[in-house]
Amino acid sequence: MKHALIIPVFLLAGLPVGAQKFESMEDVNKVVDLTLDSLDKAATARPVAGSTRKGDNPVLFLVGNSTMRTGTLGNGDNGQWGWGRFAHEYFDENRITVENQALGGTSSRTFYRRLWPAVKQGIRPGDWVIIELGHNDNGPFDSGRARATIKGVSPTDSLEVTIKETGEHETVYSYGEYLRRFVRETRALGAHPILMSLTPRHAYEKGQSGRVVRVNQSFGLWARQVAEEMGVPFIDLNEISALKYERMSPWKFGYHFYLDNIHTSAFGARLNCRSAVDGLLSCEHPEVQPLKAMMTNTALPTTGVVRRQGRPVVFITGDSTVKNQDRDTTSGMWGWGSQAAQIFDTERITVQNCAQAGRSCRSYLREGRWDKVINDVQPGDFVTIQFGHNDIGREIDYGKARNEISGTADSSHVYRVKTDSEMRNEVVYTFGWYLRKMIDDVREKGATPILISLTPRNEWPDGVHIERRNDSFGRWYREVAEETGVTFVDLHNISADIMDALGRREVKSCYINDHTHTSLRGAQINARCVAKGLRAVGSPLADYLR
């Protein structure tokens, strides 16, 4: 499919916006980049250089392309995010501010000629400038985007071109020479330049199973050579991220990108941002040391589990049916995870209940709770995964924004989410997709995931049998279990069988407050049902039951 693209005013050599239209072009990486909008939009999306400065504090300027800021707005409205969007989370805003001056579709050549002069106006002595460019330094020299640079780092190679569409004359230099100019001009302003290699593409090396394509013989090499030549810090972002991707399953590697093989999803953007942070933290160059002192939140978040030597940990994740108030024994609401010590031998295994009331798979992940669990997981551990009560409904793009798309398909949709506190764009996946992600994450850490279906609600459609949601959640759990081969404990039906046997009148004592949240007695019954299910499926976790 071809799309009309309005060439930005700076490429039209004075012609009014909209005066000419050109067909969009697919680049050598098979990406159709529609991000070069008008400079008017770019000016409103990108802050005026230096405008974020607080008092006399320094600013960290980010110079790059769509891998740093997708599109013109950089707001994820197409499901793509650049890593610069999240960089501020790692710096103390009371000591330094982060300005993302990147713009999608730019090369080292077009950024230097058209955007860099304005950025320089905001740079002061003591600032830092991270430069990560190169993804767009290909294609024609003198037509269309006209953004290509000469390959390599030659300081003398140049090419005189006349842009066919505009008649504008330009001298084109090598990729390395443009980097030199960024470096020299940053230093002339008393600031500190930092060069980074490109973010990886979603591609494996041909004939080398599981090895991610590198740029260490092209743009990565050239950026490193310029950094060594000029004595500036160099962060091999390409290598750091590629090593992380190689630890992933191919499926997981894939969802770190969105729509194409260059532009990252929020998952990929956060990974690249963390890689940039890791690179800065490990860099010994003296110019980086003061910047490192202003970094924050660099330690990976964890659950705080206390490990005992020789004993694995079972991490329990889920919603309020797993962890609730867990206090009042007479009228309080309890999750079955609070009773885990009654079914597990805590002298041989450590129980860490990480569930949180009111959460769905999506909100549990979005709030960083899942990351805390995964950061703590070690080989030999177990992770139980049980969601569903808060996952399907109308609150997909408003309210608590915790609902997901029904089903288990490997699909997604970009929603404009409006809550009381913010307006944002978010890619939302199916319920089954989130379960598969969690299962895959646990396996990547060398631990054992266990899928547990949701607890039944105290509703009796026919007056004789408690509700069974086997045509929705039950089916979705089984589909994911069959697809992934994960251990599956069907708590929903095991508990429902017990409730049916007790009878509607007796079951009232298991649900004191409402039809979903159990009393202490109900939580104890569900905990015993989990134990029964673990034994029935022959799970290795059953070896740690009392």
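The values are calculated or read from the model by the stated rules, or taken from the named source; none is laboratory data. Small disclaimer: the values here were computed from a predicted structure and weren't measured. Heads up, the Cβs are rebuilt from the backbone with ideal geometry, glycines too, and the neighbour counts pull from every protein chain shown. Note: areas computed on protein heavy atoms with side chains; ligands, DNA, RNA excluded. Shrake-Rupley method; radii C 1.70, N 1.55, O 1.52, S 1.80 Å.
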| What number comes out for the charge environment of Thr162, summing +1 per Lys or Arg and -1 per Asp or Glu over other residues with Cβ under 12 Å away? | -4
| note | Reported to the nearest 10 Å², Glu246 has, with a 1.4 Å probe, an accessible area equal to 60 Å²
| message | Using protein chains only and a probe of 1.4 angstrom, how many square angstrom of Ser360 are accessible, to the nearest 10? | response | 0 Å²
| query | Can you pick out the pairs among Lys252/Lys292; Lys323/Lys532; Lys244/Lys400; Lys292/Lys418 whose Cα atoms lie more than 24 Å from each other? | reply | Lys252/Lys292; Lys244/Lys400; Lys292/Lys418
| said: Ranking request for peptides 186-199, 465-478: highest mean number of other beta-carbon atoms within 10 Å first, then the rest in descending order. | reply: 186-199, 465-478
| When the Karplus curve 6.51 cos²θ - 1.76 cosθ + 1.60 is applied with θ = phi - 60°, which whole-Hz ³J(HN,Hα) does each residue of the stretch 348-365 get, with x for Gly and Pro? | 10, 8, 9, 9, 10, 7, 9, 5, 8, 4, x, 9, 10, 3, 5, 6, 4, 6
| said: Explain nothing, just compute: Karplus ³J(HN,Hα) = 6.51 cos²θ - 1.76 cosθ + 1.60, θ = phi - 60°, for every residue of the stretch 234-247 in order, whole Hz, x for Gly and Pro. | reply: 10, 10, 7, 4, 4, 5, 4, 6, 4, 4, 5, 5, 5, 7
| said: Just to check I understand the Karplus step: with θ = phi - 60° and J = 6.51 cos²θ - 1.76 cosθ + 1.60, what whole-Hz values come out for the stretch 385-394, glycine and proline as x? | reply: 10, 9, 9, x, 5, 10, 9, 10, x, 8
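Tally up the carbon and sulfur contribution to the accessible surface of the stretch 183-300 as a whole percent, 1.4 Å probe, everything protein left in place.
C and S fraction of accessible area: 54 percent.
With N residues in the stretch 330-486, what two-decimal value do you get for its Cα radius of gyration over 2.2 N^0.38 Å? Working shown, then result.
Working: Rg = 16.7 Å, N = 157, 2.2 N^0.38 = 15.0 Å.
Scaled against compact globular proteins, the figure is 1.11.
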| note | With every protein chain kept in place and a 1.4 Å probe, the stretch 292-416 has an accessible area per residue in Å² of 43 Å²
| said: How many angstrom lie between the Cα centre of the stretch 409-477 and the Cα centre of the stretch 220-253? | reply: 36 Å
| task | Measure of size requested: the Rg and Dmax of the stretch 400-546, with Cα atoms as the atom set and Å as the unit; please supply both. | result | 17.5, 48
| What's the center-to-center distance, using Cα atoms, between the stretch 118-186 and the stretch 493-546 in Å? | 66 Å
| said: If I compute solvent accessible area with a 1.4 Å probe over the protein chains, what percent of it on the stretch 316-384 is carbon and sulfur? | reply: 41 percent
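If we count every other residue with Cβ under 11 angstrom of Asp371's Cβ, Lys/Arg +1 and Asp/Glu -1, where does the sum land?
+2
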| query | Based on DSSP, what percent of beta bridges with both residues in the chain are antiparallel, to the nearest 5? | reply | 40 percent
| Net charge over other residues, Cβ less than 15 angstrom from the Cβ of Val183 (K, R count +1; D, E count -1) | -1
| request: On a 0 to 90° scale, report how tilted helix 266-282 is relative to the longest principal axis of the chain, with both axes built from alpha carbons and the result rounded to the nearest 10. | output: 70 degrees
| Cut-off under 5 Å, modelled amide H: who pairs with Thr448 long-range | Gly380, Asp381, Phe382, Val383
| Across the Cα atoms of the chain, what radius of gyration and what greatest pairwise Cα-Cα distance (Dmax) are found, in Å? | 27.2, 89
| request: Could you work out how far helix 473-484 tilts from the main Cα principal axis of the chain, as a 0 to 90 degree angle to the nearest 10? | output: 60 degrees
| request: Could you order Lys206, Lys437 so the one with the most accessible surface comes first? Probe is 1.4 Å. | output: Lys206, Lys437
| Within the chain, helix-based [θ] at 222 nm, where runs of 4 or more DSSP H residues each add -39,500 (n - 2.57), nearest 500 | -8000 deg cm²/dmol
| said: Can you give me the % of accessible surface on the stretch 68-182 that is carbon or sulfur? Probe 1.4 Å, all protein chains present, nothing else counted. | reply: 47 percent
| Which three extents, in whole angstrom, do the alpha-carbon atoms of the stretch 232-304 cover along their principal axes, largest first? | 39, 36, 19
